[in-house]
1. Can you work out the Karplus-derived ³J(HN,Hα) for every residue in segment 54-70? Use 6.51 cos²θ - 1.76 cosθ + 1.60 with θ = phi - 60°, whole Hz, and x for glycine or proline.
2. Given labels modelled 7 Å from the Cα in the Cβ direction, how far is it in nm from Ser36 to Leu63?
Amino acid sequence: MRKINKLIETWDKEAGSYSFGRDEQVDYLADCYHVSKCFGNIKEKSFLEVGCGSGQVSAFLALKGGIINL
């Protein structure tokens with residue numbers, strides 16, 4: 001369990017700096033658009049997040065009713 005907690009701590013630390021200084025708005029909107037087109041109704045569909053940067057698209061999916069698995 002200690003290794004898992006250290007890994008989570010490391011990813012959380014890196015995620016905080018991942019978006020710093022990057023202009024992600026256009027990419028983020030494009031990602032959300034394409035995900036919506038690919039999956040249609042997102043509500044109650046399950047998504048696995050693996051190394052997804054700051055998790056903006058996962059947050060979008062969750063707001064649309066998707067189930068996010070970490």
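What follows is calculated from the coordinates using simple rules that are stated; it is not laboratory data. As the structure is a computational prediction, the values presented were derived from the model and not from experiment. Here the Cβ is made from the backbone with ideal geometry for all residues, glycine too, and neighbour counts use every protein chain on show.
1. Rounded to whole hertz, the list is 8, x, 5, 5, 4, 5, 4, 4, 5, 5, 8, x, x, 9, 9, 10, 9.
2. 1.0
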